[in-house]
Amino acid sequence: MSLLIKNGTVLTHRGHFNANILLWNGKIAVFTKNEPKADEVIDASGKLVMPGVVDPHVHFRQPGMSSEDWASGSKAALAGGVTTVLDMPNTKPPTTTLSRLEEKKTLISTSTPNGPLVNYGLHFGVTVENLEEVFRAVGWGTPTILAASAKVFMGSSTGDLLVRDLEVIRQVVRGSRLVSVHAEDEEIILMHADKPDHSSRRPKLAAISAIKKLLSVAQQGRVYVLHVTSWDEAELASPFYREATPHHLFLNSSALKEIGNYAKVNPPLREESDRRSLWQALKNNMIEAIGSDHAPHLKEDKAKENAPSGMPGVETSLPLMINASLNGLIGLEKVVELMCYNPSRIFSIKDKGKMELGADADITIVDPNLEKKVTAEELHYKCGWTPYEGVRLRGWPIITIVGGKIAFREGEFFPVRGKEVSYAV
Ligand code: DOR
Ligand code: ZN
């Protein structure tokens, strides 16, 4: 099976050029000015042809939770130009043993039999008791890496994974190839428990304090700090890889007044000045990756006074970033670096996130002139809502290709099966 994408502008993390691309056997086989014969041809005139987005931070909720699943999550990802996701371990039960890790992989690979499946990898949850299994999944000694990272929650959030003991964290960082950290300090959170609103119950100080604690283990290994929310955190976390989420880049704490608990998320949305400072950090190369932290909850749960934290985002992250780029905030190449190239590189994912000969043919075609409003009705989330309802964006993915096959094309899905990623040892 071969597929030719012709007349498009090829966008990489380093630049852009005009070329036709032949995809063959699931790989990028040729860049050419000619028109080689192919089983299928896509005319991408006026379109951007970029690597599929690698979203290193999603919560697809299976097993045990009902606000998303791999059928709906895969559709949302593919419609949003995302071809690979790394799923978090705070499911029910949590992914904290090797047998649960294998069970989750089986669950994913047998899910959505008639629909598309996005490529995937899994993060492994750390507890104070499971370090031996953590190291068998992501330790230096493992011959094959079984998970994308060891995930540590320093502050409590959805699920009950929490590691407060810095000595345990030191051991995890020392023994694992990569540790992803939710850096909010539980001690600071507890000290602010009686504050009136969500943002002040989990203040920026909680994030700063957690990162300061992490600095004491910086020499021990590789750490990826999830969802940094401001310049201050990004600056402090300079020895680590730093992730920003679209919601901390595009929303601020005033959203809590507008949409109430739908805007409740951990770490919380910050002041407008922090949001702006996060953009400054991103422009100054102090952020390495964008992860959606797609963390949907059902409307009925968000309607409760004590609502859970988290918001969906896997389908809107690329359109938000492309729109911002077309408005002059950052270069398109930077978007590819933050959303495709760097996540693959940081998590040692083989052959993804780049427009190169021999790379996996996971490709997203974006129409930079397509402008439309975000509506929950048109998105594919099982939860049925989005914090960006009504926001007008320009630059949407129109075709998403997984392993050389069209998985999504202008609203229609095809039953293309993504695979588990492999990691370079
Ligand atoms: O807001 C959040 N929601 N932050 C987290 O750390 C977890 C996530 C979830 O799983 O709901
Ligand atoms: Zn998360």
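For Ser157, indicate whether it is within 21 Å of the chain's Cα centre (by Cα) and within 21 Å of Glu288 (Cβ to Cβ). When the stated conditions are applied, Ser157 does not pass them. Only one of the numbered conditions (1) part of a loop (DSSP other than H, G, I, E, B); (2) touching an Asp or Glu at 6+ places or on another chain (Cβ under 9 Å); (3) within 15 Å of ligand 1 (Cβ to nearest atom) is violated by Leu146, and that is (3). Evaluating Asp232 against the criteria (1) under 30 Å from Ser325 (Cβ atoms); (2) open to solvent by less than 40 Å² (accessible area, probe 1.4 Å); (3) away from ligand 2 (no atom under 16 Å from the Cβ) leaves one unmet condition, (2). In the range 338-348, the count of residues that are open to solvent by 50 Å² or more (accessible area, probe 1.4 Å) and either β-branched (Val, Ile, Thr) or at pLDDT 95 or above (or both) is one or more. Ser149: crowded, with 19+ Cβ neighbours inside 10 Å, modelled with pLDDT under 95 and not charged (D, E, K, R), yes or no? No, not satisfied.
Hey, any hits in the range 107-120 for a residue that's within 16 Å of ligand 2 (Cβ to nearest atom) and either crowded, with 24+ Cβ neighbours inside 10 Å or part of a helix (DSSP H, G or I) (or both)?
Yes, that holds for at least one residue.
In the range 251-283, the qualifying residues are those that are open to solvent by 40 Å² or more (accessible area, probe 1.4 Å), under 18 Å from Val228 (Cα atoms) and among the basic types (Lys, Arg), and the one that is nearest to ligand 1 (Cβ to nearest atom) is Arg275.
Name the residues in the range 48-83 that are under 12 Å from Ser292 (Cα atoms), away from ligand 2 (no atom under 16 Å from the Cβ) and not aliphatic (A, V, I, L, M), would you? Result: Gly80, single match.
Counting the residues of the range 152-187 that are crowded, with 19+ Cβ neighbours inside 10 Å and either within 18 Å of Leu205 (Cα to Cα) or touching a Lys or Arg at 6+ places or on another chain (Cβ under 6 Å) (or both) gives 11. Reported count of residues in the range 290-307, each being open to solvent by 10 Å² or more (accessible area, probe 1.4 Å), basic (Lys, Arg) and in contact (Cβ under 8 Å) with a residue 60 or more places away in the chain, is 1. Here the range 84-106 is the region considered, the condition is being part of a helix (DSSP H, G or I) and open to solvent by 30 Å² or more (accessible area, probe 1.4 Å), and the residue that is nearest to ligand 2 (Cβ to nearest atom) is Arg100. Remark: Ser45 matches the filter, which requires a residue to be assigned to a loop (DSSP other than H, G, I, E, B) and either among the polar types (S, T, N, Q) or at negative phi (or both). Pick from the range 308-327 the residues that are touching a Gly at 6+ places or on another chain (Cβ under 8 Å) and not polar (S, T, N, Q): which of them is farthest from ligand 1 (Cβ to nearest atom)? Of everything passing the filter in the range 308-327, Leu326 is farthest from ligand 1 (Cβ to nearest atom). Of the residues making up the range 2-25, just one is outside any strand (DSSP E or B), in contact with a strand residue (DSSP E or B) (Cβ under 7 Å, 6 or more places away or on another chain) and open to solvent by 20 Å² or more (accessible area, probe 1.4 Å), namely Asn7. Could you go through the range 200-219 and let me know if any residue there is farther than 16 Å from Trp279 by Cα, within 15 Å of ligand 1 (Cβ to nearest atom), outside any loop (DSSP other than H, G, I, E, B) and open to solvent by 10 Å² or more (accessible area, probe 1.4 Å). Yes: the range 200-219 contains one or more residues that are farther than 16 Å from Trp279 by Cα, within 15 Å of ligand 1 (Cβ to nearest atom), outside any loop (DSSP other than H, G, I, E, B) and open to solvent by 10 Å² or more (accessible area, probe 1.4 Å). Filtered by the rule that a residue be out of contact with any strand residue (DSSP E or B) (no Cβ under 8 Å at 6 or more places or on another chain) and over 19 Å from Thr144 (Cα atoms), the range 86-103 gives Thr91, Lys92, Pro93. Do you know which residues across the range 307-355 are assigned to a helix (DSSP H, G or I), polar (S, T, N, Q) and under 14 Å from Val85 (Cα atoms)? Answer for the range 307-355, where residues must be assigned to a helix (DSSP H, G or I), polar (S, T, N, Q) and under 14 Å from Val85 (Cα atoms): Ser317, Asn342, Ser344. For Met286, the conditions (1) surrounded by fewer than 22 Cβ atoms within 10 Å (Cβ to Cβ); (2) part of a helix (DSSP H, G or I); (3) away from ligand 1 (no atom under 16 Å from the Cβ) are fulfilled apart from (2).
No other residue among Glu300, Glu288, Glu315, Glu305 is at pLDDT below 95 and of a type outside the set (A, V, I, L, M) apart from Glu305.
The values are calculated or read from the model by the stated rules, or taken from the named source; none is laboratory data. Computed from a predicted model, the values in this text were never measured in an experiment. Because the Cβ atoms are built from the backbone with ideal geometry, glycine has one as well, and the counts that use them run over all protein chains shown. Accessible surface areas use protein heavy atoms only, side chains included; no ligands, DNA or RNA. Shrake-Rupley method; radii C 1.70, N 1.55, O 1.52, S 1.80 Å.
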